Amino acid sequence: MTPIASPFTTVSLPTAALSGIDWLSPGVLLAAAVTCLAVSLWLVLPKAGRSGTFSRRLGLLLGAITLGLFIATGHRLGNLGEEAVLLTVSLVAVISAAATITCRSPVYAAIWFALCLSGVAGVLLVLGAQFLGVATIVVYAGAILVMFLFVLMLAQPSGLTTSDRITNEPLLSAVAGAVLLGLLSLSIGRLSADAPACCRLPTKAAALGATAESTPAASVDLLAADQVARLGGELFGRHLVAVEAIGILLLIALIGAIAIVSHGLEGDQAETSSLQEGRQA
Amino acid sequence: MMLPTLLAAAALPLLQNGLFVGAILFSLGLVGILTRRNLIVMFLSAELMLQGISVSLVAWSRYHGDFGGQVLVIFVLSVAACEAAVALVFVLQAFTRTGRLDAAAWQSLREASLPRSVDHEIPAFNDAMPSFPRLTQAGHSPATDEAAASQRDHV
Amino acid sequence: MTGLLPSIETIAALVKIGLLVGGLMTAAAYLVLVERWIAAWVQDRRGPNRVGIPLTKIRLFGLGQPLADGLKIILKEDFTPSHVDKVLYNAAPLVLLTASLAIFAAIPFGSVLPPLDIPGLPDPVPFLVAPGLDVGVLWVFALSSIAVYGVLLGGWASNNKYGFLGGLRSSAQLVAYEIPLGLGLLGVVLSAGSLQLDVIMNQQAESGIWYAFAQPLGFVVFLIASFAEAARLPFDLPEAEQELVGGYHTEYAGIKLLLFLVSEFLHMVTAAFLIVIMFLGGWHLWGVTGSSQEVTWIGALLRFGILSAKIFAVILFFMVVRWSWPRFRFDQLMNLAWKVMLPLGLLNLVVVATIEEFRPRLEASVGAGLTTGLSLGLPWLIFFGGWIAAGVLTPSGTDNRPIRTPGPFDSERDIERQAAADEQRPELVEAST
């Protein structure tokens, strides 16, 4: 059980040396959150051998602590009602995302992913992208995920297999993910207009590049009543070539999928028959 | 407008929170794709990373007041659909060949220098397998258990 | 959203939600009765006509039947089989019903009310829970694709082969028919230039041309696809009683079964709403309702009545069709979706796009009247052309004799008989190997 105790020892041991540190500063909170996240992910991910309920519960508790710490380090919106709305949809998205990667049964993983998609759709709506929020549900939850459930249900009629109960390198991966998240949130926290030149928030003109001949002077109002029509105008105006290209890509993917299916069956038959001939010879 | 769009929120904190949610989704997807072995769960993790990217793009789009980010998310959606179509076909083919959805079933494709991955610890199946109702094949008379029929504890 | 007291708009929305949900639930209960009457009429029976006011002899033509049925099914034991996946088994009917009800947030159920002069409430009040939802039609689509989960999970969690087959069939059917449904709908969206259903209705009222006349091909494609989406006969394979017992709700009982059955009826009501709103003019009737946004109380009620009457007529059509057509086989169902409906839907979309592209230039050169005539005539030409092409190009009949591969339980005699039958049709043997 030593790895479980490690976050507590790192926090409590050097009290004498670190007494001058402000324990509630965002940096410390972030470090604690990252540690908690890594440990809880490691505990909750399915592992061979010691997959007891105790360690899973401890992992869930640590995950809840992580979420609390992240909320504490989050940025205030300045409006309580809006904060509550954003927090709700984000929590749905994040919790079900964590459940997607940690639950053992792939069917449940797919269903958690569907819930995560609805959370993400909520975040997109809250951020003012009505069309995308609904389109995400139509495209992902409606079509893609149902296909996946099909395959899962056809492929695994009889419970869990061994490979769903073990994971590759859970500790290293959990640490890698947590560290990545810590770094990302550090850099997100430093975003501001008056930061030093290294990490200054890019202005729109800078982001579009100096070569853009039509540098928009003022930003458009994304939340106007006819936003879907204007998104369509943007899509088929400034990005027309890209839309055509993506249409061709979809067509190619469709044809490719069908070709792989039909050729795959033929190839399999040819392979098995040639193998049988070889054996007979 | 009935949808709960945040109208009054300050721009910068909204951007930061949106980016942060995107970062969490991305990191969780990364962990999933590194650890899980079921091909479909790996794919779901990749989609999770794409969702993180979408949220970040829309947050930037809101901050800059530009439709560019949203347009990019539409492209992400279409590419994800293509990817799903092709990947699903590959997964099906892999399943018909090996009978498993385990990524380790294809480890013969690994690079020559890498060692073979072996499961040293096989997990214990501690929860009992569910019992399924057994139905008689059509055209055969069902086998009756008279003792159970006379003594059953419920109807 | 900031204050503690709900705003007047929130109260208005809540009132609308209450009216809508109450009306829909009552309608679903009484539609069951109507369906049984229609069935009795088609089969030359009397149908339910006994239940009236309890403890009296008053029968009321059987109008008490839905209440009695509802009471009976609610009071039944909520039995959960031991072999099911408990969480998903309980969640599936809830998902299905929630999605089927939430669809109605974007569906208008009338025109507008005359000005009410309530401070804080924008005039005029539309008959729509979420007015100004910019993505109305997409919202309907998104939630109907969420509803697939209820069916699929219900079938899977039941841990029963009939339930599972029903769930798989249902989701395959819904995913396949969503495409022609969307294509039929895209034509209307393209013509109207809006995704909002109330705007689509208003446009038909203003021009006086319902989209069923302007886009007959799209109308037929949408109609057939919505039969399939509502899983009504001839597309009721998900719960084909003769093959699958009860389909995905085989293992359900009591109130959960009730939730499934109610959501099935709600699917049909949704389909009827969409057909009427998008293709049959909504609340508009020539010479009766007018087309302006200023209405009197009588006008508003008249519009509501006309919309309801149209919807009821479409539902009656659904019910008569149910007792008039035999069920498709699954391969015929998929052939119809992918080989007939999809090309016809695409054809309709291309025609509509062409007309909309050239309409301004035509109006400038030949005048408005001729343009309207052309834009009405060309779709009908294409409609009949497409119909004939579909009839000629698709096989008129399919070989319905069973193809069997020898299984482990087949006797020698079965296999010999099968081989003898196969010799009579070499093309099938070739195709299947």
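Using a ≥ b ≥ c from the Cα gyration tensor of segment C:126-247 (square roots of the eigenvalues), is it rounded, prolate or oblate, where a/c under 1.5 gives rounded and otherwise the larger of a/b and b/c decides, a/b for prolate? Don't skip to the end; give the middle numbers.
Working: a/c = 3.23, a/b = 2.01, b/c = 1.61.
Prolate, since a/c reaches 1.5 and a/b exceeds b/c.
Per residue of A:32-44, how many C-beta atoms from partner chains lie within 10 Å of its own C-beta, taken as a mean?
The shielding value for this peptide is 1.
Heavy atoms only, probe 1.4 angstrom, no DNA, RNA or ligands counted: give me A:Tyr108, C:Tyr211 ranked by accessible area, highest first.
If we order A:Tyr108, C:Tyr211 from most to least accessible, we get A:Tyr108, C:Tyr211.
Leaving ligands, DNA and RNA out of it, rank A:Ile111, A:Ile101 by accessible area with a 1.4 Å probe, largest first.
My answer, sorted largest first, is A:Ile111, A:Ile101.
Which is the longest run of chain C containing none of the GluC sites (Glu not before Pro) found in DSSP loop states (not H, G, I, E, B) with at most 11 other C-beta atoms within 10 Å?
Counting at most 11 other Cβ atoms within 10 Å as exposed, the longest clean stretch of chain C is C:78-293.
Roughly speaking, to the nearest percent, how much of segment B:11-102's 1.4 Å accessible area is carbon and sulfur? Don't jump to the answer; show the numbers that get you there.
On the way: 1870 of 2470 Å².
Whole-percent figure for carbon plus sulfur exposure: 76.
Quick one: ranking A:Arg57, B:Arg110 by accessible area, 1.4 Å probe, largest first, what do you get?
Reading off the accessible areas and sorting them downward yields A:Arg57, B:Arg110.
Would you mind checking which residues have amide H under 5 Å from A:Thr167's amide H? H placed 1.01 Å from N; only 5 or more apart, or other chain.
Answer set, sorted by chain and number: A:Ala48.
From the phi angles alone, apply the Karplus equation (6.51, -1.76, 1.60; θ = phi - 60°) to segment C:68-79 and give each ³J(HN,Hα) in whole Hz, x where the residue is Gly or Pro.
Listing the rounded values in order: 4, 4, x, 4, 4, 6, 6, 7, 5, 5, 7, 8 Hz.
At a 1.4 Å probe radius, carbon and sulfur cover how many percent of the accessible area of segment C:80-393? Write out the running numbers ahead of the final one.
On the way: 8790 of 12060 Å².
The C+S portion of the solvent-accessible surface of segment C:80-393 is 73 percent.
Accessible surface of A:Phe236 in the full protein assembly, 1.4 angstrom probe, to the nearest 10 Å²?
For A:Phe236, solvent-accessible area is about 120 Å².
Could you state the accessible area per residue of segment C:80-393 in Å², with a 1.4 Å probe and every protein chain left in place?
38 Å²
Using only the alpha carbons of segment B:11-102, what is the convex hull's orientation-averaged projected area in square nanometres?
Computed as one quarter of the Cα hull surface, the answer is 5.8 nm².
How big is the shadow of the Cα convex hull of chain C, averaged over all directions, in nm²?
Working: hull surface 117.1 nm².
Over every viewing direction, the Cα hull of chain C projects on average to 29.3 nm².
Could you tell me the relative contact order of chain C? Use alpha-carbon pairs under 8 Å, at least six residues apart, and round to a whole percent.
Relative contact order for chain C comes out at 18 percent.
Report, in deg cm²/dmol and to the nearest 500, the calculated mean residue ellipticity at 222 nm for chain C, where each DSSP H run with n ≥ 4 adds -39500 (n - 2.57) and the sum is divided by the residue count.
That comes out to -21500 deg cm²/dmol.
Here are some pairs, C:Lys256/C:Lys310; C:Lys86/C:Lys256; C:Lys72/C:Lys256; C:Lys72/C:Lys161; C:Lys86/C:Lys161; which of them have Cα atoms lying more than 22 Å apart in this structure?
Working: C:Lys256/C:Lys310 31 Å; C:Lys86/C:Lys256 13 Å; C:Lys72/C:Lys256 13 Å; C:Lys72/C:Lys161 28 Å; C:Lys86/C:Lys161 17 Å.
Going by Cα-Cα distance, C:Lys256/C:Lys310; C:Lys72/C:Lys161 fall outside the 22 Å limit.
In Å², rounded to the nearest 100, what is the total accessible surface buried by chains C and A against each other with a 1.4 Å probe?
2100 Å²
So what are the ³J(HN,Hα) numbers for segment C:271-277, from phi and the Karplus equation (6.51, -1.76, 1.60; θ = phi - 60°), rounded to whole Hz, Gly and Pro as x?
Along segment C:271-277, the couplings run 4, 5, 4, 5, 4, 5, 5 Hz.
Using a 1.4 Å probe on the heavy atoms of the protein chains only, list every residue of segment A:65-89 that has 50 Å² or more less accessible area in the complete assembly than in its chain alone.
Listed by number, the residues meeting the 50 Å² cut-off are A:His75, A:Leu77, A:Glu82.
Just checking the output field for C:143-153: average partner chain Cβ neighbours within 10 Å of each residue's Cβ?
4
Viscosity 1.567 mPa s, temperature 4 °C: Stokes-Einstein D of segment C:248-294 from its Kirkwood Cα radius, in µm² per second?
Rounded, D is 97 µm²/s.
Residues of C:163-171, mean number of Cβ from any other protein chain within 10 Å of their own Cβ, rounded to a whole number?
Going residue by residue through C:163-171 and averaging, the value is 2.
Please give the solvent-accessible surface of C:His83 in Å², to the nearest 10, using a probe radius of 1.4 Å with every protein chain present.
30 Å²
Before we go on, tell me the buried accessible area for the B/A pair, both chains summed, 1.4 Å probe, in Å² to the nearest 100. Working shown, then result.
Values: alone 12870 and 19460 Å², together 23650 Å².
Result for this pair: about 8700 Å² buried.
Going by a 1.4 Å probe on protein heavy atoms, which residues of segment B:52-74 end up with at least 30 Å² less accessible surface in the whole assembly than in their chain alone?
Buried by the other chains: B:Val55, B:Val58, B:Trp60, B:Arg62, B:His64, B:Gly65, B:Asp66, B:Phe67, B:Gln70, B:Val71, B:Ile74.
The values are calculated or read from the model by the stated rules, or taken from the named source; none is laboratory data. What you see is a predicted model, and the numbers here were worked out from it, not measured in a lab. Cβ atoms come from the backbone with ideal geometry, glycine included; neighbour counts cover every protein chain shown. Side chains are part of the model used for accessible areas, which takes the heavy atoms of the whole protein and leaves out ligands, DNA and RNA. Shrake-Rupley method; radii C 1.70, N 1.55, O 1.52, S 1.80 Å.
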